[in-house]
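Read the structure below first, then the notes.
The values are calculated or read from the model by the stated rules, or taken from the named source; none is laboratory data. Bear in mind that the values here come from a model prediction, so they are computed numbers and not experimental data. Counting neighbours? That spans all protein chains shown, and the Cβs are built from the backbone with ideal geometry, glycine included. Accessible surface is based on the protein model in full, side chains and every heavy atom, while ligands, DNA and RNA are left aside. Shrake-Rupley method; radii C 1.70, N 1.55, O 1.52, S 1.80 Å.
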Amino acid sequence: MALSSVAIDTNVAIEALNGNPLTIRMLERFDLIYLPITVCGELLYGAKNSSRVHYNLPRYESFISDCEVLDTQESVAKEYSSIKKHLRDVGCSIPENDIWIAAICTFYDIPLFTRDGHFENIPVLKRF
């Protein structure tokens, strides 16, 4: 039985792009895969910065087009500010892009599939 939807972090997207069978099987359980816009940027940067840009860029662009992209808006920025303030208050630092990813997923109320443990420091974020 397929679950409804999940957003994926950059590390999970790369695993899928690299053909990781466990990750692919996990993603097949979902009806809809979302990509936060920040993940799209990280993927495209990675492709453009790779030694095989002509091979990677079309693959990454195709992968992105097969997913539903979650964009930002003012309400996402408000969520970002709350998450960042919470992290500061508890003395936890995580990469800036990951705060944006968490804010996007929290705003849209979509769980995040990630391999990064530091997302555990964001209690409002649903994780898969």
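For Glu74, are the conditions met, namely being within 18 Å of the chain's Cα centre (by Cα) and not hydroxyl-bearing (Ser, Thr, Tyr)?
Criteria not met by Glu74.
Here's a check for you: in the stretch 96-112, which residue that is closer than 22 Å to Arg29 by Cα and touching a Lys or Arg at 6+ places or on another chain (Cβ under 6 Å) is surrounded by the fewest Cβ atoms within 10 Å (Cβ to Cβ)?
Pro111
Only one residue in Arg115, Arg59, Arg29 is in contact (Cβ under 8 Å) with a residue 24 or more places away in the chain, open to solvent by less than 80 Å² (accessible area, probe 1.4 Å) and of a type in the set (D, E, K, R), so which one is that?
Arg59
Would you be able to say whether some residue in the stretch 5-14 is without any contact (Cβ under 8 Å) to a residue 24 or more places away in the chain, over 12 Å from the mean Cα position of the chain (by Cα) and surrounded by 13 or more Cβ atoms within 10 Å (Cβ to Cβ)?
No, the conditions are met nowhere in the stretch 5-14.
Pick from the stretch 74-95 the residues that are in a helix (DSSP H, G or I) and over 19 Å from Arg127 (Cβ atoms): which of them is most open to solvent (accessible area, probe 1.4 Å)?
Out of the qualifying residues, it is Arg88.
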